[in-house]
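Chemist: Here you go, one structure.
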Amino acid sequence: MEDVSGLLWRVLAGPLSAAVVIWLLCHKSKFYTDFGPIMERQAAAFIAIGFLAGSSLFGYWAFGAVRDGAQMENRVLYEFLSAGDLMVEINWSLDRLSGLMMMVVCGVSLCIMVYSIGYMHDDPGISRFFAKLSFFVFSMLGIVLAGNFLMMFIFWELVGVSSYLLIGYWYERPSAADAGKKAFIVNRLGDFGFLIGILMLWGITGEVDFVRVKNQLAAHPVDANLLAVATVLIFCGAVGKSAQFPLHVWLPDAMEGPTPVSALIHAATMVAAGVYMLCRVSFLVFGSPVAMEIIAWTGGITALMAALIATQQNDIKRILAYSTLSQLGYMVMAVGLSNPAGSGYMPAMFHLSTHAFFKALLFLSAGSVIIALHHSEQDIWKMGGLLKKMPITAGCFAVGALALCGFPFMSGFYSKEAILGLAYDHNPRLYLLATVTAGLTAFYMFRCFFVAFFGNTRGEHAEKAKESSWVVLGPLVVLAVASICGGWFGIPEWLVENKAISAEHAPRAVMIAALAAFTIGVGAAAFLYARGATTDALNKLPVLSWVLRNKFFIEEIYMVLVKAGQGTLAWLCGFVDRWIIAGLAVRGLAATTRGTGQVLRLFQTGNVQTYALWFAAGATIILYCLVR
Amino acid sequence: MDFLNILNGTILTPLVFAAGLCFMPARKWLAIRWLAILGAFITVVLSGLAFAWFNINDPGFQFVNRVTWVESLDMSWHVGADGISVVMVLLTGIVGFAATLVSWDITSRQKEFYVLLLIMIAGAMGMFASLDIFFIYFFHELALIPTFLMIGIWGSGKREYAAMKTTLYLSAGAFVALIGLIALYLALPAADRTFNLPTLLDYARQHPLAANVQRFIYPFLLFGLGTLVSLVPFHTWAPIGYACAPTATAMFHAGVLKKFGLYALIRIALPLLPVGAHDWNGVLLVLLLCNIVYGGLVAMRQKDFNYLLGYSSVAHMGFAFLGIASFTFIGLTGAVLVMFAHGIMAALAFGLSGYFFAQTGTREIKELGGLCRPLPFVGTLLVMTAFASVGLPGFANFPGELMVLFGAWQAPGWHAKIGAATVSWPVLLALWGGAVIGAVYMLRAIRNICFGPTPAKWQSLVDANIFARVPYVFLLVVLIWVGCYPKPLVEAIKPATGQIITAIEKAMPAVAPKR
């Protein structure tokens, strides 16, 4: 068997070295001036893309080895630390699951890095941007290839921090700096549960390695409820990273980052890490039906809630962000509904892969629109008529929207169908919810499409818009092709080797219902918005649009809770520390000492008569005591 | 030539340089500075060599040198290092070198400043390398006294009040600990009384002290030493002390001297008084959780960045205490790793904060803002330090705190039943304090200091030049190196902590912790 372990560290080393090289060398210093003016600006981009391309080649090599049957699990790169029962290694898991995910991450990252050359062209901090982006790809690949819980946690956190840095890339904007902070802290809440889950699992099995935990659980079955609790805690990590309800609030704000970042991190890859992680630990998830139930409902609620909110957003990136939330909900729901004996986690991973293509495409198209509007307009109501001005972008956006909504024979059609089929078989209520969500998806996507690209131009920036350059459009076209054909690559067959299962299709009724939902959604959008509307027709439903526009007031509720809970507690502790511990106790002690000194000083006047008086008083007391 | 011992070298080099500086004319301050840097550099090289030459397979004390001093009391110049000491010696060397380098901003009485700084380094080296209880105490006092002088003379803000407060607290803490040590000395039969630590440890292993004696002596050590480590509620000296101290002093005290209390607890109190430690563990647990959670919450309310860092170090010390209180091998090893990691991180944080202060003249978080624009290098490093502080993987704090949490999870008797699962509630609270509260106050401060629009008055600040960058980069490299590959440190610490845990197990088979 070919030894592929040597390839994997090279896969990780590529983007990491790119990040380090750019960080150390690409300053405003004299270093690049010798290479001429183009090199000076774009050197970072070429370094990042070059190293990533190298990594992708190694990754593809490893992918090929997996296809040829090389099962390489847990080759240790090095031992991180060990003490007593705790043994943490940096080791790999390479199988069909991580191979697929690795290819998706590498492919989408490459497209987006090329696109970034165009998008970030005028930005002065472009080298910083590419360094952070490379660091993100490194961390993401680390999650994908992680062979144990703690290594996954390590890269999990690193991904979180690169997301923080990239959301706050324009750190001088207060909104961007705040959004980054919010994303990090909300993710930390999820990671809190994740680590407790890991601790609990370690307490049960004494291991943190995926394979050894799996073997331990198989050899020594434990209480199902205990396992369910541990699984749900680990799922908390996914709730944070994949922005599931109730920790979804950070993702829409994350749109403060540059659009390529939104596309890569907050749509295609990082936010899908939660779903990937659930698939990676499927041996745990599939072992506890209670936990699966919780996971499925969390996903379902997120999918519906986000789709509802998306219908009333006006910022093109925020619409896509809520759409991402909704699709992530789909994937998480799919994990929760999986049939361990049948297709396993295939539907979730299938949708993850196709979603990575079409959502990246949608964001990049939106980015192309934003470039055309000089980075100063994201409100779809101030666009309009862009179809004629930028036909390629519009076409790509339409392809992305169709794929997302599950238009027949496009990639999203197959993956969504797989999930709907699962829901139909396992949970009728969630099936209904998922179908309604599918209809809403078609509605809000085509609302966005019609308003932004149809009708008359409604803003001065839109007036002057023109098609973007080829460095921007090239990645769009590549991703558009992937979005159309993503269903034909044989991803289900790759994940489920049993041909009978992977070739299964959902019942005809499911397909018809999904198509009906699609048609109703698009039809309603066309009826309301395609005929040159200048304001939102839903404004006529004041309460509904008010609630949806304010995202069900979840953020406001959280703000009140945080203020009332943490704020009050911190205020109380600050008060106690300042006025009770440092004030009363310490100052009080000091004051007592000083006071005693003051009193005692009265005895030391230096006046002979006073001493004589005290002497007489003392002698009297002693005499009294003796005589008594 | 036994005296040519590497540990003697680490103690005496800074002392010799300090003595030499006394004879320099004060106006040649630049030469004085470079000589001091040379001394600190030789010290850090020696401490690095000590770590490199340390044999991790030998669980006993290495590099031992013993010269009898007072025979009747069995007092001797006695140095030697096991894994815990050698890691702390390494920490002292690194932080001492960095603290000497950052002192560009000292503009008056440079000679006295560097003499005191070198004495501090020597004292810290001595307290970690000595094996004689008298000298351990003596060297600690030797390192502590310069702290007070430096805060009082070169400090800023309410420096006299701060110097007084730190002096009172730390002297009181050391004094209470001294009472405990004397009581310990007197509790031994007259024939066996000794200041020699290895002999004492052997003796205690064979003849454990009576349980009620241990129970009586341990609180003196716990609260006395605890005060030195800012155990709540004896912590209020730390924030104001660090806020007013000159940069190098804050770095060295927070980084190194503060670890003395923990070191002495691990080195003296745990193996000699295991029953006492066990019986007082409940109290310690409550206090250390206060350190982590309460300290973190108070940090959220701070307006001055150094106060915030001070309270943050109070919170981090809680983690080291948690490792000690867990009574587990993993936890105790993690506690030592946290001591090292926090030492480097705190030194870096105070060093950078000092740079900001030297540039802007204020530490008010509200006054600052957008400093990443004019100061990209220092700003970036501050952001990275904040990440280290919130326990991000890749920095040394992560493996330390992780081991402490895993050790604490193993601790017997800390699990509460919640539904089907049992959860270690101290771990829950500690993780909440470390991961969530820690992230909130640190990122909030970073958001307000480094990010956001840059006020006009800070547009023209000057970023650190190549010389000024050296100490920061040095500390950061250590932090990242240990964070990515903690194994060498852990392997060095393990034999020593393993012995202590074995001793505890032997003393108290009934509460034998898991290994």
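Chemist: HN-Hα J couplings of segment A:321-332 from phi, Karplus 6.51/-1.76/1.60, θ = phi - 60°, integer Hz, Gly and Pro as x?
Modeler: Once θ is set to phi - 60°, the couplings for segment A:321-332 become 5, 5, 5, 4, 3, 5, 5, 4, x, 3, 5, 4 Hz.
Chemist: Could I ask something else about it? At 7 Å along the Cα-to-beta-carbon direction for both residue B:69 and residue B:108, put a label point, then send me their distance in nm to one decimal.
Modeler: Between residue B:69 and residue B:108, the simple spin-label model gives 3.6 nm.
Chemist: Per residue of segment A:218-231, what does 6.51 cos²θ - 1.76 cosθ + 1.60 with θ = phi - 60° give for ³J(HN,Hα)? Whole Hz please, x for Gly and Pro, Karplus curve as stated.
Modeler: 5, 6, 10, x, 10, 3, 4, 5, 4, 5, 4, 4, 4, 5
Chemist: Scattering from the C-alpha atoms of chain B alone, worked out with Debye: what is log10 I(q)/I(0) at q = 0.06, 0.10, 0.12 1/Å?
Modeler: Computed log10 I(q)/I(0) values: -0.25, -0.72, -1.05.
Chemist: For a quick check: with amide H placed at 1.01 Å from N, whose amide H comes under 5 Å from residue B:62's, ignoring anything fewer than 5 positions away on the same chain?
Modeler: The answer is B:81, B:82.
Chemist: A further question follows. Over 31 Å between Cα atoms: which of A:359/A:499; A:382/B:366; A:132/B:487; A:132/A:388; B:28/B:165; A:241/A:499 fall into that group?
Modeler: Details: A:359/A:499 29 Å; A:382/B:366 37 Å; A:132/B:487 28 Å; A:132/A:388 36 Å; B:28/B:165 34 Å; A:241/A:499 33 Å.
Over 31 Å apart, Cα to Cα: A:382/B:366; A:132/A:388; B:28/B:165; A:241/A:499.
Chemist: Let me know the Kirkwood hydrodynamic radius for the protein assembly as shown, please, with Cα pairs as the basis and the value in Å to one decimal.
Modeler: Values: mean 1/r = 0.0315 Å⁻¹.
Computed over the protein assembly as shown, the radius equals 31.7 Å.
Chemist: Counting pairs of alpha carbon atoms under 8 Å apart in space and at least six apart in sequence, what relative contact order in percent does segment B:6-507 give?
Modeler: Values: 894 pairs, mean separation 81.6, N = 502.
Contact order relative to length: 16 percent.
Chemist: Helix A:149-167 against the longest principal axis of chain A: what's the angle in degrees, Cα atoms only, rounded to the nearest 10?
Modeler: On a 0 to 90 degree scale, this one is about 80.
Chemist: Pull up the DSSP beta bridges for chain A and report the antiparallel fraction as a percent, rounded to 5. Walk me through the intermediate numbers first.
Modeler: Details: 12 of 12 bridges.
Percentage antiparallel, nearest 5: 100.
Chemist: Here is a follow-up. Partner chain Cβ atoms within 10 Å, averaged over the residues of B:364-377 - can you pull that number for me? Let's see the in-between values first.
Modeler: Values: counts 0, 0, 0, 0, 0, 3, 4, 0, 4, 2, 0, 0, 4, 1.
Rounded to a whole number, the mean comes out at 1.
Chemist: Residues of B:295-302, mean number of Cβ from any other protein chain within 10 Å of their own Cβ, rounded to a whole number? Write down the numbers at each step before the final one.
Modeler: Values: counts 2, 2, 10, 10, 4, 7, 9, 2.
Mean shielding count: 6.
Chemist: Would you mind pulling out the separation of the Cα centroids of segment A:240-283 and segment B:1-69, in Å?
Modeler: One Cα centre to the other: 52 Å.
Chemist: Give, rounded to the nearest 20 debye, the magnitude of the charge dipole that segment B:57-159 has about its Cα centre when Lys and Arg contribute +1 at Cβ and Asp and Glu contribute -1 at Cβ. Walk me through the numbers before you get to the answer.
Modeler: On the way: 5 positive and 8 negative charges, 113 e Å.
Dipole of segment B:57-159, to the nearest 20 debye: 540 debye.
Chemist: Quick query: amide H of residue B:232 versus all other amide H atoms, modeled in the peptide plane; which residues come in under 5 Å with a sequence gap of 5 or more or a different chain?
Modeler: B:291
Chemist: Under 8 Å for C-alpha pairs, at least 6 residues apart: give me the relative contact order for segment B:1-104, rounded to a whole percent. Please report the intermediate quantities before stating the final value.
Modeler: Working: 105 pairs, mean separation 31.8, N = 104.
Relative CO of segment B:1-104 lands at 31 percent.
Chemist: For chain B, build the charge dipole from Cβ charges (+1 Lys, Arg; -1 Asp, Glu) around the Cα centre, then report which of B:359, B:179, B:315 sits farthest towards its positive end.
Modeler: It is B:359, whose Cα lies furthest towards the positive end.
Chemist: Turning to a different aspect of this structure: Hey, what did chain A get for relative contact order, percent, Cα under 8 Å, at least 6 apart?
Modeler: On the way: 996 pairs, mean separation 71.0, N = 628.
11 percent.
Chemist: For segment A:181-186, what does the Karplus curve 6.51 cos²θ - 1.76 cosθ + 1.60, with θ = phi - 60°, yield as ³J(HN,Hα) per residue in whole Hz, taken in order and with x for Gly and Pro?
Modeler: 4, 4, 4, 5, 5, 5
Chemist: Evaluate peptide A:567-578: per residue, the Cβ atoms of other protein chains within 10 Å of its Cβ; return the mean as an integer.
Modeler: Details: counts 3, 0, 5, 10, 4, 4, 11, 8, 2, 4, 14, 3.
The mean count of partner-chain Cβ atoms within 10 Å per residue comes to 6.
Chemist: Still on this structure, please answer the following. Dividing the convex hull volume of the alpha carbon atoms of segment A:166-292 by its residue count, what do you get in Å³ per residue?
Modeler: 95 Å³
Chemist: Long-range amide H contacts for residue B:209: which residues qualify at under 5 Å (H placed 1.01 Å from N, peptide plane, sequence gap of 5 or more or a different chain)?
Modeler: Under 5 Å from the amide H of residue B:209 lies no amide H from a residue far enough along the sequence or on another chain.
Chemist: Continuing with this model, one more query. Could you sort the peptides A:245-255, B:81-91 by per-residue average Cβ neighbour count (10 Å cutoff), highest mean leading? Write out the running numbers ahead of the final one.
Modeler: Numbers: A:245-255: 23.1, B:81-91: 26.4.
Most protected by this proxy first, the peptides run B:81-91, A:245-255.
Chemist: Continuing with this model, one more query. Eigenvalues of the Cα gyration tensor times 5, then square-rooted: what semi-axes does that give for segment A:93-239, in whole angstrom, largest first?
Modeler: Details: eigenvalues 243, 72, 18 Å².
Taking √(5λ) for each eigenvalue gives 35, 19, 10 Å, largest first.
Values in this text are rule-based calculations from the coordinates and carry no lab data. For clarity, every value in this text was computed on a predicted model and none was experimentally measured. Don't worry about glycine lacking a Cβ; one is built from the backbone with ideal geometry, like all the others, and counts go over all protein chains shown.
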